[in-house]
Each structure stands twice: as structure tokens, then as C-alpha cells.
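Below is one structure; the comments refer to it alone.
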Amino acid sequence: MIIEKLNEALEKKNSEEVRRPREKHKYYPSSASVRVDGKVEGACARKEYWQITLEPSSNPPAAKNLRIMASGKRAEEAENENAKAAGILVDEQTKFQHIIPPNGLRSHIVVSGALDGIYELDGKKVIVEWKSVYGDWSQTHILGVNKWGKPSTELPYPRIEHLLQSMLYLDHYKGEMDTLYLVYIDRGNGLMREFIITLNASGTAHISSGDDLGDTRFTVADIYARFIELDGYIQRKELPARDFNDSHFMCASFCPFRDRCKGGS
Ligand code: SF4
């Protein structure tokens, strides 16, 4: 009885938040994506379009998933408290706003959000982005540890959407803060891994985490190009084509529009 009532309240609160109108030409860093060799990585433009135009969700997240997300947020916030105790926290929830300048008939575009933290390491300020994960896939592919607790055979690598967000921050703070620590925490077992990310002069990102993981195949300019593409769809009121097929993890499990998208409406 109590659980039912709590679930109802949680799901209602979430649906009201999702349906809050957004300012024109304004996007979140988490909406970043790129097109590499014709394939989209990061956020799906169609999902973003439906979210921004306040289309009702066909598959709203269940209370269970909302709780998982909320516990992840709390785990991330707790780490800033630890950073404060360690004497390295400079700022947290620092407002971030990057303007993509207007061009021709196109208006300016604003990418707006907040940095999780700014820390000071060896006398230098660095950007810190916290991400919490859980489950076998994340443990093996992101944290680099197999189910027996040994290093996995594949090199660990950050999620592309988190990398894109990190590149936006690094580009904005170029010359002021040139290193970003993308730190993952597994909320099931407390394992952690940090990726150190910098931008190259060409706009690609360099990633390391113990091992040198090389450069990205995409640039910051590629990310801005996709924000411009998404803004174009919104202004023309034109539904973007699907970026992913049904086997993609977003379409299979997480997207709040997956049934609507399948129906092709
Ligand atoms: S179901 Fe997949 S392709 Fe369709 S909107 Fe969602 S993420 Fe995009």
C-alpha cells in the first residue's frame, strides 16, 4: 500500500518535470551527439525532438528506474563531499553556458547545464564529471573489471555520450581548465575508474586511464554541427528520422518513446 502510493507520487512528479517547456534554441550538454561515418553516437535527435516539443511519453520510466537514477545522483553528490574533506573541492554545480554563434538566418544556440565539480590538483584547476553506473556491462566495459574482480580483457572506455559532454566543457573552458576527470562509480559494488580527458588542437579528445586510450574519431565541431541539425528540426517542426534501430540499447529498453517510434507515428 505504501509502496504503491510512493510509486504513483514519484511517477507523477517525474512526468510533470519532463513536460516543463524549455527556452527556444536552448539544449542540455547531455543532448550532445555526433555522426561518424554516417552512424550517430550519443543522444537520438528524434527522442530530443519529442522531449522538447512535449510529446507525451509512450513508455514513461517506472518508479523503480526513477529510484535507480535518484540513487546514482546521490552517489555522485556524496563524492563532492569527499572531495571537500580531501581539501580539493573548489566549486560544485558550476553553471555552464556555451553559445554557438548565429550564422546567416540561423539564430544562436545555447548549450546550458552545470559542471559537477571543479577540483584543484597539484595547483591546477580541473573539471570533474561524476557518472554512476551499475550492471555487468558497465563493470566490464567502463570500469574494466570482470565478474571475478580481475581486469577485463577489453580496455575500459567511457560511454560516448559522457565523452561528448566532457568535450563541450573542455572546449568552453579552453586555456582556463584544460583537463577533465570523468569519474565512474559503480553504485552496486563501489568500484571506481577515472578517465583523464584533454582536447587536441584539432578538436579531437585524448583519453587515458592508466593506459593511453588514444584520440576520438570525432571533434568538438562535429558535436556543434549536430546541435545545429537538431535546432533546425525543432524550428521547422520536422520530426527527425530514427538515429538508431530497434536493437540499440536505447530503443530496446530506455527510450520513453520506444512504442511510439516503432509505430512510425
Ligand atoms: S526508440 Fe530509438 S530511434 Fe526512436 S526515439 Fe527512441 S532512441 Fe530514438
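Please treat every number below as a calculation from the coordinates, not as lab data. The shown structure was predicted, so the numbers you read here are calculated from the model rather than taken from an experiment. Here the Cβ positions follow ideal geometry from the backbone for every residue, glycine too, while neighbour counts run over all protein chains shown.
Points worth noting:
- By the beta-carbon count within 10 Å of each Cβ, the least crowded to most crowded order of 254, 96, 227, fewest first, is 254, 96, 227.
- For the chain, calculated [θ]222 nm from helices alone, where every DSSP H run of n ≥ 4 adds -39500 (n - 2.57): -10500 deg cm²/dmol
- Fewest-first sequence of 167, 250 by Cβ atoms within 10 Å of each Cβ: 250, 167
- Residues 219, 198 arranged by fewest to most Cβ contacts within 10 Å: 198, 219
- For the chain, built as a Gaussian network whose Cα springs stay under 10 Å, the top-fluctuating residue of 183, 111, 18: 18
- Remark: for residue pairs 237/262; 5/95; 84/125; 12/84; 84/131; 12/64, the C-alpha separation exceeds 24 Å in 5/95; 12/84.
- Two-decimal log10 I(q)/I(0) for the chain, as the Debye equation yields it once each C-alpha is a single scatterer, q = 0.12, 0.14, 0.15 Å⁻¹: -0.82, -1.14, -1.31
- Residue-by-residue Karplus 3J(HN,Hα) for the range 211-217, coefficients 6.51, -1.76, 1.60, Hz, glycine and proline x: 7, 7, 9, x, 9, 6, 8
- Shown here for the range 192-265: GluC sites (Glu not before Pro) in loop regions (DSSP other than H, G, I, E, B) with at most 15 other Cβ atoms within 10 Å, namely 238.
- Over the range 117-265, the pair-distance histogram of Cα-Cα distances with 5 Å bins from zero comes to 2, 8, 15, 16, 17, 16, 13, 8, 4, 1, 0, 0 percent, rounded to whole numbers.
- Close amide-amide hydrogen proximity is noted between residue 146 and 152, each under 5 Å apart and 5 or more residues distant or on a separate chain (H modeled in the peptide plane; Pro and chain starts excluded).
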